[in-house]
Amino acid sequence: MAQAALDVWGAQRTVIARGTAYHSGDMEEYEDLIAHGLGAEIDTHPFIQVENVVFDVKHRISGSQVPYGRYTALARDRVWNVLWAERDEAPKAQVILRAHVHYFAAISGRGWTAMILPALQLGRTRHGETNFSGTVDWGLVQFTVEGGGHTWREYTRGLRANARTLIHVP
């Protein structure tokens, strides 16, 4: 299903970042099978250059159970990227992309953007119901790279992570 959804875009180049075992299975590496089927590149922490814009992509980031703390891990990963680049251990990125925590968050500064991508999994899964008390943002983010810069637009829907059907008993 994931391969069919990605194939719809008809991308000239596809790069996949590996996720966690819950998403891809404890024994199988489903991302590798999808990458093979699409002829895609795959890595745990890819750095993707589109024109002059470098994307630092990784699935895992720590989350926050308080709304005002959701940007801390993004700011931390931005500083780490700058420090790694200073040591020539990674390219300096203009865009930092993370996921894993099932909510959308974005911060930016002069010449950079850091973002936690929204989920593609609903909150009403066993994992979502047992691990999250906050809201879930489901959706996609579209990036446009041109003229040496980037713009983005989010398409999200809010969902309660542990929403339950209210049952009325007479």
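Yes/no matrix, rows are residues, columns are (1) open to solvent by 50 Å² or more (accessible area, probe 1.4 Å); (2) modelled with pLDDT under 85; (3) farther than 22 Å from V101 by Cα; (4) of a type in the set (K, R):
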site: V8; (1), (2), (3), (4): yes, no, yes, no
site: R13; (1), (2), (3), (4): yes, no, yes, yes
site: R18; (1), (2), (3), (4): yes, no, no, yes
site: Y22; (1), (2), (3), (4): yes, yes, no, no
site: D26; (1), (2), (3), (4): yes, yes, no, no
site: Y30; (1), (2), (3), (4): yes, yes, no, no
site: A35; (1), (2), (3), (4): no, no, yes, no
site: G39; (1), (2), (3), (4): yes, no, yes, no
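Check the stretch 1-9 and report whether any residue there is assigned to a strand (DSSP E or B), within 20 Å of R153 (Cβ to Cβ) and among the aromatic types (F, W, Y). No: zero hits.
Take Q94 and decide whether it is modelled with pLDDT of 95 or more, within 20 Å of W152 (Cβ to Cβ) and open to solvent by 40 Å² or more (accessible area, probe 1.4 Å).
Details: modelled with pLDDT of 95 or more: yes; within 20 Å of W152 (Cβ to Cβ): yes; open to solvent by 40 Å² or more (accessible area, probe 1.4 Å): yes.
So Q94 fits the description; yes.
Residues to consider are D77, D56; find the one that is open to solvent by less than 40 Å² (accessible area, probe 1.4 Å) and touching a Pro at 6+ places or on another chain (Cβ under 9 Å). Steps first, please.
On the way: D77 fails: touching a Pro at 6+ places or on another chain (Cβ under 9 Å).
Selected residue: D56, the only one of D77, D56 that is open to solvent by less than 40 Å² (accessible area, probe 1.4 Å) and touching a Pro at 6+ places or on another chain (Cβ under 9 Å).
Within the stretch 56-73, residues that are without any contact (Cβ under 8 Å) to a residue 40 or more places away in the chain and over 22 Å from L120 (Cβ atoms) have Cβ atoms under 9 Å from residues that are in a loop (DSSP other than H, G, I, E, B) and among the polar types (S, T, N, Q) in these pairs: T72/S62; T72/S64, counting only partners at least 6 apart in sequence or on another chain.
The values are calculated or read from the model by the stated rules, or taken from the named source; none is laboratory data. All of these numbers come straight from a predicted model, not from anything done at the bench. Backbone-built Cβ (ideal geometry, glycine too); neighbour counts: all protein chains shown. Side chains are part of the model used for accessible areas, which takes the heavy atoms of the whole protein and leaves out ligands, DNA and RNA. Shrake-Rupley method; radii C 1.70, N 1.55, O 1.52, S 1.80 Å.
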